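Data first, discussion second: the structure below is written as structure tokens.
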Amino acid sequence: MTSPANKRILLKLSGEVLMGSGQFGIDPETVQRMAEEVKAAKDTGLELCLVIGGGNIFRGISGAAKGLDRTTGDYMGMLATIMNALAMQNALEKLGVDTRVQSAIPMMTVCEPYIRRRAARHLEKGRVVIFAAGTGNPFFTTDSGAALRAAEMGCDALYKGTSVDGVYDADPKKVASAKRFDTVSYDQVLSQNLKVMDASAVALCRDNNIPIIVFNIREQGNLAKVLRGEGVSTRVESFSAGNG
């Protein structure tokens, strides 16, 4: 499957990826490998921005299930994404990649506040921008934050790096016969409740015609392959619905 040329993309990474083989927290070696993947993508001439989840440190919805107030839990999750963003910034800058972290929750002593025009200017200057703290509001996931920032930045596509190699018609970890889609429509994702991103994120990408490419980021070098249209992935867009 060949991907059209992109000038500016947003890469969404799940926080769990940063755990490596651990059960919790941030694995420095894994963060370094992720940074190398990002640098390789950046070196192709792309303007690149990132959103990283916080599930490796804290999940607001899980805390709510255990009795924590949902709003409080979501804010704690937002703080976790800032920690991940700072870790990734540190790893990227060790590789010589000029990087800025912008947080939807103002935290002036550690990163910039989110300002759309400033973020766009950073991208134009060749910097990688990491958007942290989701949308800055509870009840919205980092998927929604990623879709929002991709729309605001005028990104050509949103790449979601996860632990699976695309979108399936069932959970491939539980259903051996699950089939992977090569391409699938936004509406099919929503109507069949396919686990790509949360519904608000998918709808926002649909409304702004931003393709979503889902791929396995854990496979070393896979981001570069997918960007070249050579890797295994699923493309979510308006007009195609089929499986491969």
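Structure data summary
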| item | result |
| --- | --- |
| Hits in region 193-214 - residues which are surrounded by 13 or more Cβ atoms within 10 Å (Cβ to Cβ) and of a type in the set (S, T, N, Q) | SER200, ASN208 |
| Answer residue from region 141-186, given it is among the basic types (Lys, Arg) and without any contact (Cβ under 8 Å) to a residue 24 or more places away in the chain and is surrounded by the fewest Cβ atoms within 10 Å (Cβ to Cβ) among those | LYS174 |
| Test: residue in region 45-62 that is of a type outside the set (A, V, I, L, M, F, W, C), farther than 23 Å from PRO106 by Cα and touching a residue at least 60 places away in the same chain (Cβ under 8 Å) | yes |
| Qualifying positions in region 132-174 - of a type in the set (Lys, Arg) and at pLDDT below 95 | LYS173, LYS174 |
| Count of region 87-109 residues which are crowded, with 16+ Cβ neighbours inside 10 Å and in contact (Cβ under 8 Å) with a residue 40 or more places away in the chain | 7 |
| Hits in region 5-27 - residues which are touching a residue at least 12 places away in the same chain (Cβ under 8 Å), over 22 Å from CYS205 (Cα atoms) and either touching a helix residue (DSSP H, G or I) at 6+ places or on another chain (Cβ under 9 Å) or of a type in the set (Ser, Thr, Tyr) (or both) | VAL17, LEU18, MET19, GLY25, ILE26 |
| Some residue of region 60-70 being crowded, with 20+ Cβ neighbours inside 10 Å and more than 15 Å from the chain's Cα centre (by Cα) | yes |
| Matching residues, region 232-244, being modelled with pLDDT under 85 and among the small types (Gly, Ala, Ser) | SER240, ALA241, GLY242, GLY244 |
| Enumeration of residues in region 128-149 that are part of a helix (DSSP H, G or I) and not hydroxyl-bearing (Ser, Thr, Tyr) | ASP143, GLY145, ALA146, ALA147, LEU148, ARG149 |
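The values are calculated or read from the model by the stated rules, or taken from the named source; none is laboratory data. Keep in mind that this is a model prediction, so the values were computed, not measured. Every residue, glycine as well, gets a Cβ built from its backbone with ideal geometry; the counts of neighbours run over all protein chains shown.
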